[in-house]
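The values are calculated or read from the model by the stated rules, or taken from the named source; none is laboratory data. Being a predicted model, the structure only gives us computed values, none of them experimental. With ideal geometry, Cβ positions are generated from the backbone for all residues, glycine too; neighbour counts draw on all protein chains shown. Heads up: the accessible areas ignore ligands, DNA and RNA and are worked out on the full protein's heavy atoms, side chains in. Shrake-Rupley method; radii C 1.70, N 1.55, O 1.52, S 1.80 Å.
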Amino acid sequence: MSILQAIYQFLFGPLELLFEVIYGVAFHIVDGNAGAAVIPLSLCLNFLLLPLYSRADAIQREERERERLMSPGIDHIKKVFKGDERYMMLQAYYRLHSYKPVYALRSSLPLLLEIPFFVAAFHFLSNLADFRDTPFGPLANLAAPDGLLKLGGLSINLLPILMTAVNLVSSRIYAKDLSRKDKLQLYGMALIFLVLLYRSPSGLVFYWTLNNVFSLFKNIVYTAKNKRAVACSLMSGLGLAFLAYVFLVNRTRSFGAMLVLLLGILFQFPTLRCLIWRKRGIRRDAQAEEPNGKLSPVFLFGCLFLAVLTGVLIPSSVVKVSPAEFVVPTEYYSPLRYVLSAFLLSAGTFLLWFPLFYYLAGDRARRITEAGICVLSVCAIVDYMFFGTDLGNLSPMLQYDIPFHYSLKECLLNLGALTLCSAAVLLLWRKKERMMQAVLPILILAVAVMSVCNIAGIRSELPQIKKLVEQENGDKASFTLSRNGKNVIVFMLDRSISSYVPYLFQEKPELAAQFDGFTWYPNTLSFGYSTMTASPALFGGYEYTPEELNKRSSEALADKHNEALRVLPLLFSRAGYEVTVCDPPFAGYTLIPDLSIFDGYEGIKAYNTENGQFYAQNEILSGRQEVWNRNFFCYSIMKCSPLAVQSGLYQGGQYFNTQNLESVLHRTQFTTDKSQAQGIDDAFMNSYAVLCALPEMTKISAGSQNTFLMIKNETTHDPMLLKEPEYEPAMFIDNTVYDAEHEDRFVFEDRVMMMDTPYQMKHYQSNMAAYLQLGKWFDVLREQGVYDNTRIILVSDHGFALEQFEDMKFGEREGERTEHNPEDAMGYNPLLLVKDFDSKGFRLDDQFMTNADTPTLALAGLLKSPVNPFSGKAVTDEAKNAGEYHVFYTDVTDPWLNNGNTFLPGRWYALKGQNIFDMSAWSSLGYY
């Protein structure tokens, strides 16, 4: 981030964010009409800023009056004295009248305030994607100049001229009693805006025209004899316009229409109040309050606390969980830059604009603001620390895997807690304000210390992340399969769900031919629920189940995990096979697999493929940076808000992002329901692109060299909605018709698979997409003559508890809340599809298997009596006959959090017998 970008983020970023939020709400109210949304945007901003501009105008008038009174004396001094004597006399005269020359800037205060709002509006509306090719009334395209008047071949933009005319009339009214110099300044500014905006997008000019209209009415009110009556009349007229819109234009009962109706009614109250006061003879003339010019310590401490909380602590807490997730592997940037960006936004909001409003406020408004900032500070930390803390997995794009919704009970409990906190803070503020001045610095110190600890933790991991990123910039991944040798492939599809297989093959019958020779083992068990706990047994065998790993309590989990990943590559390499490893999961116990775990072992090539090698990395980098630079602060605000409004602020992870929505849609997906979505999730695309590139990665050898490939892919782990029936990514998804016409695809032999939520549909579709791409790859292998002499094992590390089959739940969530239902056998039922050499047909085999059988299946008939090169024990599947099997569930699924010598305590379950579909055979062993 350059210095200029940092300055822009600090000065204008908060204002653009304000524009986005108001526009986003307005856009929803007017049912997606971008032009109409500009009207409430202008109104809301002008009403919000009216007190600020009013106070600025008052200061301007005071300064002009001061200059008028001092002018004769200054003119006399300048006429009589010269040189240093003139300077000394002027300084003495200024001190006598408590005046400083810098005060002259006060007369330009309204203009100075207008500049940042103009810059923010210009940048926001000029780049608004909603304006592109969007007509509104006579305006053909809000993203282009209006060109309303055509004179021969000349196109004249009328809207900027209309805007300037309104501005000149408004300036004429405002400057009626001003000096010639001030009048010329106002008229000159109107002409400058004409030049600046003449060729601007008509949507932006329309917004500024509305602002000028508002300013015109404001000046009419200020210059009227009975200001209150005129203001009430204008408010009432605006309210009537709102009511006419609801009853004549938008006759729906939508939330937006009801909100406009409510505003229309509320805008009648000032007029009613004026009429009542007139009837009763009540007369109240508003008098401007003079601020004392000092900033309260309580207010400043509160603003500083909120800036550190929302700009540093919360963003750094998110990044600290997994710093590598906020690094794009092909181009290293420290994730702390996004914490800095969040802090610049928060500092601009709470340390610049809040104090500016406070400084311009009267004493009464200041006292209210001081109390409000105290309440806001305490409620924010209470919300963040104690409520909404268990919302599930948060993706790097700051989206939760499963949309969250709070119950009425949770919202009321939160509201009650906040009410009590607010009452306590207000009581303390009123009775012992000095104590509040002591409490807030303590809170600032606490969040600052936690922030520093987070930042130190992030910095400590950066050297290792940078080292792993440098590994990414090597040769593009490829592997060899030979026509005359033996090829063995162990392909781990992370979280692929075994139960989907018959439904997928039913919907796409062509898969049966593409998967010719495979045997599906539906009765397969995984010993863990996550990649961290389940994948070691998949790659290393029964010595690496969670239970066995915990028995080796003197060794680090990371070392045991790496050992399991090396078992098969080392065995095949020592047997003379050409070995390739791609994306070994959590190698080195890091998110980006640390390929150095294979250093020192000859004959093993290792690659990382899922971090952008086969997907447009430059687009990913710029898009993610835009999201992170903005949304970390928005996420913080959401987490500090009452539970009742968090879902509205979250917006499915969109956070009212309209300015960069097009870019964001290329990075993440927003779902409306199980059939509709917009956007593309780049986590899915990174992995899906690898499946599409498998034919490109495959090199064919005509020799007899034996080969071994071990590869992991997360297409099925990072799901997104896809376009049906092709099951391919698309920017805009609408499968409503297809889903309605093919509801029967989720019934197989009278067994119904529930498909009620977008999350369930995402998993089904992503599994289908993976199978379709694998099928295409298998066709290529057939064409190249290497399919029959290749043993392929498609296996997943675990299933997933999506609760889609009632007959697979052996219980509900027990005890304390868990992220998923640990008593849904879907979570422990991994995919296992095996194709042996020269096998034909697609078969189903109900015999009991586990994914820890993978090493035995891969080595069968190729290596005689294979022995684990690290433990010296035989690699067999004898443990499968134990009769009782222990599986492990934990919500702490990240190895950088669960990285001791044994796994952190979790839930253990036992399966007695060899039928995972017998729910009576499952039992809980407890939490340990």
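Normalised by 2.2 N^0.38 Å, where N is the number of residues, the C-alpha radius of gyration of the chain stands at 1.15.
Add +1 for every Lys or Arg and -1 for every Asp or Glu among the other residues with Cβ under 13 Å from the Cβ of SER499, and state the total. Don't skip to the end; give the middle numbers.
Details: positive: ARG495, ARG751, LYS809; negative: GLU749, GLU803, GLU806, ASP807, ASP824.
Around SER499, the charge tally is -2.
So which trypsin sites (Lys or Arg not before Pro) in the range 302-384 are both in a DSSP loop and have at most 14 other Cβ atoms within 10 Å of their Cβ? Don't jump to the answer; show the numbers that get you there.
Details: sites: LYS320, ARG337, ARG364, ARG366, ARG367; in loops: none.
Within the range 302-384, no trypsin sites (Lys or Arg not before Pro) qualify (loop, at most 14 other Cβ atoms within 10 Å).
Using 0.36 nm per residue, how much length does the chain from ARG483 to ARG86 gain when fully extended, once their Cα-Cα distance is taken away?
Details: separation 397, 0.36 × 397 = 142.92 nm, distance 10.02 nm.
Working it through step by step, the gained length comes to 132.9 nm.
Among residues other than TYR23 whose Cβ falls under 13 Å from its Cβ, what is the net charge (Lys/Arg +1, Asp/Glu -1)? Residues close to TYR23 contribute a combined charge of -3.
What share of Cα pairs, in percent, lie more than 18 angstrom apart in the range 827-911? Looking at the range 827-911, the distances longer than 18 Å represent 62 percent of pairs. Averaged over its residues, the chain has an accessible area of 44 Å² per residue, based on protein heavy atoms and a 1.4 Å probe. What does the charge count around ASN735 come to, taking other residues whose C-beta lies under 11 Å from its C-beta (Lys +1, Arg +1, Asp -1, Glu -1)? Value of the local net charge: -4. Of all DSSP beta bridges confined to the chain, the antiparallel ones make up roughly 55%.
Note on ASN881/GLU696: beta-carbon distance plugged into 1/(1 + (r/R0)^6) with R0 of 45 Å gives a FRET efficiency of 0.60.
Each peptide among 70-77, 897-904, 233-240 gets the average number of other Cβ atoms lying within 10 Å of its residues, and from highest to lowest they stand as 233-240, 897-904, 70-77. In straight-distance terms, cross-link reach from LYS912 covers every one of the aspartates and glutamates whose alpha-carbon lies under 12 Å from its own, apart from those fewer than eight places away in the same chain; here that gives GLU884.
With a cap of 14 neighbouring Cβ atoms within 10 Å, and only residues DSSP puts in a loop, list the chymotrypsin sites (Phe, Trp or Tyr not before Pro) found in the range 1-88. Each step should come with its number before you reach the end.
Values: sites: TYR8, PHE10, PHE12, PHE19, TYR23, PHE27, PHE47, TYR53, PHE81, TYR87; in loops: PHE12, PHE81.
Taking the range 1-88 and a limit of 14 other Cβ atoms within 10 Å, the loop chymotrypsin sites (Phe, Trp or Tyr not before Pro) found are PHE81.
Of the solvent-accessible surface of the chain, computed with a 1.4 Å probe over protein heavy atoms with every protein chain present, carbon and sulfur atoms account for 59 percent.
Compute the whole-percent fraction of alpha carbon pairs in the range 166-234 spaced more than 19 Å apart. Of all Cα-Cα distances in the range 166-234, 41 percent exceed 19 Å. Look at the alpha carbon pairs under 8 Å that are at least 6 residues apart: their mean separation over the length of the chain gives a relative contact order of 15 percent. Taking the Cα centre of the chain as the origin and placing charges on Cβ (Lys, Arg +1; Asp, Glu -1), which of ASN562, VAL452, LEU45 is farthest toward the positive end of the dipole? Of the candidates, LEU45 comes out farthest on the positive side. Computing FRET efficiency as 1/(1 + (r/R0)^6) for ASP838 and GLU749, where r is the C-beta to C-beta distance and R0 is 22 Å, gives about 0.15.
How much FRET efficiency would the formula 1/(1 + (r/R0)^6) give for PHE47 and THR736, where r is the Cβ-Cβ distance and R0 is 35 Å, rounded to 0.05?
Working: r = 40 Å, r/R0 = 1.14.
The formula returns an efficiency of 0.30 here.
Modelled spin labels at ALA423 and LYS466, positioned 7 Å past Cα toward Cβ, are 5.4 nm from each other.
Among the trypsin sites (Lys or Arg not before Pro) found in the range 122-173, those both in a DSSP coil and sparsely packed, with 15 or fewer other Cβ atoms within 10 Å of their Cβ, are ARG132. Working from the Cα coordinates of the range 131-202, the gyration tensor eigenvalues give, after taking √(5λ), semi-axes of 30, 12, 10 Å in decreasing order.
In this view, the solvent-accessible surface of MET385, computed with a 1.4 Å probe and all protein chains in place, comes to about 90 Å². Extension gain for ASP182-PHE269 works out to 27.6 nm (0.36 nm per residue, less the C-alpha to C-alpha distance). Shape of the range 1-76 from its Cα gyration tensor (a ≥ b ≥ c, root eigenvalues): rounded if a/c is under 1.5, otherwise prolate when a/b > b/c, or oblate? Oblate, because a/c is 1.5 or more while a/b does not exceed b/c.
Cross-linked pairs LYS712/LYS864; LYS476/LYS835; LYS776/LYS864: Cα-Cα separations exceed 31 Å for LYS776/LYS864. When a/c is below 1.5 the answer is rounded, else prolate if a/b is larger than b/c, else oblate, so apply that to the range 373-458 with a ≥ b ≥ c taken from the square roots of the Cα gyration tensor eigenvalues. It comes out oblate by the Cα gyration axes. Listed by chain and number, the lysines whose alpha-carbon sits under 22 Å from that of LYS176, ignoring those within fewer than 8 places in the same chain, are LYS218, LYS225, LYS227.
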